[in-house]
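Down below is the structure, laid out as structure tokens.
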Amino acid sequence: MSMRCFLPVCFTTFCAVLSASNLPADDLLPEDRSEIVYVAGSVLRSENSLCVIDLGTAHTVRPDHRLAVFRMSEGYYVPLGQLTVVSGEGTRSVCEGVRTQKGDLVLAVRELHQLKTGRRHREQVLGREVVREPRRRFWTSYGNVELAAALSQYERRYPGWERSRRTVAGRLDSENLEPGRTTRLDQLQQQLDLMRRYYRKDVRAVAAAGEHWDSVMRVLAGSTARAGHQLAENAVLEKAAEDDDDGVEIAAADIRTLTRDRVFHLEREQQNVVAFLVAVLLHEKPADIRPVLLAAYPQTQFPGLKDDEELIETIQLMLAELAAAAEPAL
């Protein structure tokens, strides 16, 4: 059976009374609002490289949008890679990309300037469904309720996002996202926020955490951080072209390899966090790494690492080893 057949025909019967031609319009926010809003959902069904997720136009997810996907393992989230939306409707989308399984976490980000007001968003989504409705023949009560709930959640939360001046204004969750997973999701979100800050100004930091983190951050950084990352990449290339000394630039792969060798006793995702932080420390060059690490660990999925005194000493030795390897040859 084609994965497109998995899409439930969900919609609200009250849409039929609306007409796309008489919908009032509100202005979009100014372009300088770069605060992030997360959109979170889950995989409902999966078959090979295709899957159905519980996010759709009601959650600002539309065809050709890219999404990041994670899997819960041993109490924390592991990045898998990217999905691209093939088709969708109010609260469902068909995606293709990395292989998934039921229950995997799907994330997207929207910068606030990309979002419409609650009323404008609701009217736009319902207007699109009105156009789609004549081609439909079946309806489900569950779909009606789910679409109405998703639009209501967006409209209810939008004023708070608009008032917020935090880097992360909030989150929009699908109705099917299990409440019990929110604590772990909050920790993942904190780690993503930390990674975004350094993704914007350091080309090595996220790359040192591995290709899967690099892949998902290309989706979850947001357009402003991606632009900063591009500027940082350009600066590195320019410096390399102008440098006359014989110093060796420390690559993300070198940081990752050394990390796996020195902290092999840690779990793989813990190693990824350590490699990321080593890259951050190389970039920041603090006089004392201890306060930096103690502040950073609670912002990751592994806050307990702050109690590992031996790890701090190991990281200090790693930094010295990397610095020595990068010194110009005599």
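The values are calculated or read from the model by the stated rules, or taken from the named source; none is laboratory data. Predicted model, so just to flag it, every value in this text is computed and none were measured. Methodologically, a virtual Cβ is constructed for each residue, glycine included, from the backbone with ideal geometry; neighbour enumeration extends over all protein chains shown. For accessibility, only protein heavy atoms count, side chains too; no ligands or nucleic acids. Shrake-Rupley method; radii C 1.70, N 1.55, O 1.52, S 1.80 Å.
Centre-to-centre separation between the Cα atoms of the range 162-216 and those of the range 72-126: 14 Å.
Summing charges over neighbours of VAL292, with a neighbour being any other residue whose Cβ is under 12 Å away from its Cβ, gives +1 when K and R count +1 and D and E count -1. Legend: residues HIS283, HIS113, HIS265, sorted from most to least accessible area (1.4 Å probe; ligands, DNA and RNA excluded), read HIS265, HIS283, HIS113.
Basic side chains Lys and Arg get +1 at the Cβ, acidic Asp and Glu get -1 at the Cβ, and with that the dipole of the range 270-312 about its Cα centre reaches some 160 debye.
If you take all other residues with their beta carbon under 15 Å from the beta carbon of TYR199, and give Lys and Arg +1 and Asp and Glu -1, the sum is 0.
For GLU146, the solvent-accessible surface with a 1.4 Å probe is about 10 Å², rounded to the nearest 10.
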